[in-house]
Amino acid sequence: MTAVLVDDRGPLWVVRLNAPDRRNALGRAVVEGLLDAAGRVAREKAVRAVVLCGEGPNFCAGADLKERQGMDQAQVREFVGLLNRTFRAVESSPKVWIAAIHGPCLGGGLELALCADLRVARRDAVVGLPEVRLGILPGAGGTQRLPRLVGVARAKEMILTGSRYPADEALRLGVVNRVADNHEAAALALADEVCQGAPISLTQAKRAVNDGWDLPLEAGLVLERACYDVIIPTQDRLEGLRAFAEKRPPQYKGE
Ligand code: COA
């Protein structure tokens, strides 16, 4: 069985974790499949947005605790490195990633969702970072990305208690952007909205926010200018102006 399925829908791709019998836990096959998918998405000019979701009863149950049991210390270190490279490939992807979460989304599952640009949760979703209860810590970016997203106090509560939070609480805390009855339909609708944007604009806007938000304001504004400079010579910028003048939808080509 392919551990990660990639569905090419033109400007919008769906990447689906596909190890439901282990609740999409992040074993080697899933992680390598995800890294491969992230590479394919990044190389494909036509893609603007990606919906990342899980097959079966939940999005992702975090680290594959069964596979981990058979690893020695060196193997754990090597694997955590692979996990971090994979997550970074999602986070720094030139495309917009939207995580569609349902059921338990725990540990590495939540850390993966935190690498996406946006998160949509089904009403039954439960998020949490239980690692300290398992004798480890969130080692795939959770201790760094969660406080950046929701603030130090909220992140510390989640990390140090290891508690599980239902979707409406996750929304209140700012962990997810939206809660919906049908998380995949809601994520696809959000992705459709993203796909209205010009591809190079999306890439550069994401880069400006990702790389700029924790810089001093002056440095952030310099970065924003550098991102804008990439857009100025593009055909799509001229197409946007033409479409506005001609009162028609723009036809962006990513050029
Ligand atoms: N790693 C490996 N296998 C996992 C797994 C994980 N993280 N989470 C679930 N599985 C496996 C179970 O061992 C079980 O396999 P089995 O049928 O061979 O016994 C199968 O997936 C189904 O799990 P089960 O617990 O029966 O399903 P559930 O729907 O009742 O509960 C969870 C789902 C996710 C709530 C529960 O499995 C769980 O708490 N998993 C651990 C989550 C966790 O702590 N992750 C953080 C890791 S740092």
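If you go through region 124-157 and keep only what is more than 14 Å from the ligand (Cβ to nearest atom) and in contact with a Pro (Cβ under 6 Å, 6 or more places away or on another chain), you end up with just A155. Residue pairs whose Cβ atoms lie under 6 Å apart, sitting 6 or more positions apart in sequence or on different chains, and linking a residue in region 77-100 that is free of Cβ contacts under 8 Å to residues at least 24 places away in the same chain and assigned by TED's automatic domain parsing to the domain that holds A185 to a partner that is of a type in the set (F, W, Y) and surrounded by 15 or more Cβ atoms within 10 Å (Cβ to Cβ), do not occur here.
Would you be able to say whether some residue in region 116-123 is within 14 Å of the chain's Cα centre (by Cα), in a helix (DSSP H, G or I) and under 24 Å from W213 (Cα atoms)? No, that holds for no residue.
Among the residues of region 88-100, are any closer than 23 Å to R48 by Cα and open to solvent by 50 Å² or more (accessible area, probe 1.4 Å)? Show your work before the answer.
Step one: filter region 88-100 for residues closer than 23 Å to R48 by Cα, giving 88-100.
Now drop any that are not open to solvent by 50 Å² or more (accessible area, probe 1.4 Å), which leaves 88, 92.
The answer is yes; a qualifying residue exists.
The selection criterion, being over 24 Å from A49 (Cα atoms) and surrounded by 17 or more Cβ atoms within 10 Å (Cβ to Cβ), holds for G107.
Being aliphatic (A, V, I, L, M), more than 16 Å from the ligand (Cβ to nearest atom), surrounded by 14 or more Cβ atoms within 10 Å (Cβ to Cβ) and in a loop (DSSP other than H, G, I, E, B) is the filter here; which residues of region 18-76 pass it?
Step one: filter region 18-76 for residues aliphatic (A, V, I, L, M), giving 19, 25-26, 29-31, 34-35, 37-38, 41-42, 46-47, 49-52, 61, 63, 65, 71, 74, 76.
Now drop any that are not more than 16 Å from the ligand (Cβ to nearest atom), which leaves 35, 37-38, 41-42, 46-47, 49-52, 74.
Filter again for surrounded by 14 or more Cβ atoms within 10 Å (Cβ to Cβ), leaving 35, 37-38, 41-42, 47, 49-52.
Selection gives V47 alone.
Go through L202, L118, L160, L173 for me and flag whichever is open to solvent by less than 20 Å² (accessible area, probe 1.4 Å) and away from the ligand (no atom under 13 Å from the Cβ). Being open to solvent by less than 20 Å² (accessible area, probe 1.4 Å) and away from the ligand (no atom under 13 Å from the Cβ) holds for just one of L202, L118, L160, L173, which is L173. Sub-6 Å Cβ pairs linking a first residue in region 117-138 that is at pLDDT 95 or above to a second residue that is more than 9 Å from the ligand (Cβ to nearest atom) and open to solvent by 70 Å² or more (accessible area, probe 1.4 Å), at least 6 apart or interchain, are L118/N177; R119/N177; V120/R178; E131/L137, ordered by first then second residue.
What number of residues in region 244-254 are surrounded by fewer than 13 Cβ atoms within 10 Å (Cβ to Cβ) and assigned to a loop (DSSP other than H, G, I, E, B)? I'd like the intermediate steps shown before the answer.
Of region 244-254, the ones surrounded by fewer than 13 Cβ atoms within 10 Å (Cβ to Cβ) are 244-249, 251.
If we keep only those that are assigned to a loop (DSSP other than H, G, I, E, B) as well, we get 246-249, 251.
Count: 5.
Could you list all residues from region 130-148 that are assigned to a loop (DSSP other than H, G, I, E, B), surrounded by fewer than 16 Cβ atoms within 10 Å (Cβ to Cβ) and within 20 Å of the chain's Cα centre (by Cα)?
Kept after step one, since they are assigned to a loop (DSSP other than H, G, I, E, B), are these residues of region 130-148: 130, 135-141.
Subset that is surrounded by fewer than 16 Cβ atoms within 10 Å (Cβ to Cβ): 135-137.
Answer for region 130-148, where residues must be assigned to a loop (DSSP other than H, G, I, E, B), surrounded by fewer than 16 Cβ atoms within 10 Å (Cβ to Cβ) and within 20 Å of the chain's Cα centre (by Cα): there is none.
For region 152-172, which positions are among the aliphatic types (A, V, I, L, M) and within 20 Å of the chain's Cα centre (by Cα)? Hits for region 152-172 are A155, M158, I159, A167, A170, L171. If the condition is being charged (D, E, K, R) and in contact (Cβ under 8 Å) with a residue 60 or more places away in the chain, then region 161-177 contributes only R164. Scanning region 226-243 finds one or more residues that are open to solvent by less than 80 Å² (accessible area, probe 1.4 Å), without any contact (Cβ under 8 Å) to a residue 24 or more places away in the chain and within 27 Å of Q144 (Cβ to Cβ).
The values are calculated or read from the model by the stated rules, or taken from the named source; none is laboratory data. None of the values given here were measured: they were computed from a predicted structure. Counting neighbours? That spans all protein chains shown, and the Cβs are built from the backbone with ideal geometry, glycine included. The protein model used for the area step is the full one, side chains on, heavy atoms only, and it has no ligands, DNA or RNA in it. Shrake-Rupley method; radii C 1.70, N 1.55, O 1.52, S 1.80 Å.
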